[in-house]
Amino acid sequence: MATVRKVLGQVVPAAPNTDIDLYTVPGATDTVVSTIVVANQAGAAATFIIKVRVAGAASVAKQQIASAVSIAANSTISFTLGITLAATDVITVQATAVTVSFNAFGQENT
């Protein structure tokens, strides 16, 4: 089994309060997400949501691992998680502002 530690995904939502996929686990792969970093790059506070959608299932509230979390202006929040994901699982994010960026770091196993 090959292991690659890497940046899994980086996104900024294109519109407020709209889901965008941060990372999708490739086929024949499992992944350990070690950290998700959320940065608010604006002078106003915002909120955000992070979801884990098993096998890319439709987006519903029960998938939220961070729900309506407040992030202050010009600040960063890091989540050290150790989430294990299977092939086709998806991390989806959204924010109330287009100035909030999301970065996921971890390990893919093939």
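Some observations on this one:
- Karplus-based coupling profile of region 49-65, in residue order and whole Hz: 10, 10, 10, 10, 9, 5, 6, x, 4, 4, 6, 9, 4, 5, 7, 6, 9, with θ = phi - 60° in 6.51 cos²θ - 1.76 cosθ + 1.60 and x standing for Gly or Pro.
- Residue-count net charge about ALA57 - beta-carbon cut-off 14 Å; Lys, Arg +1, Asp, Glu -1: 0
- Least to most buried among SER101, SER75 (fewest other Cβ within 10 Å first): SER75, SER101
- Mean Cα-pair separation over length for the chain, i.e. relative contact order, pairs under 8 Å, 6 or more apart, %: 51 percent
- The Rg/Rh ratio of the chain, with both radii computed over alpha carbons and Rh defined as the Kirkwood radius, is 0.97.
- Protection proxy ranking of 59-70, 22-33 - average other beta-carbon atoms within 10 Å, highest first: 22-33, 59-70
Quick note: the coordinates plus some simple rules give every number you see, no bench work behind them. Remember, predicted model here, so these are calculated numbers, not experimental data. Cβ sites come from the backbone with ideal geometry, for glycine too, and all protein chains shown count toward neighbours.
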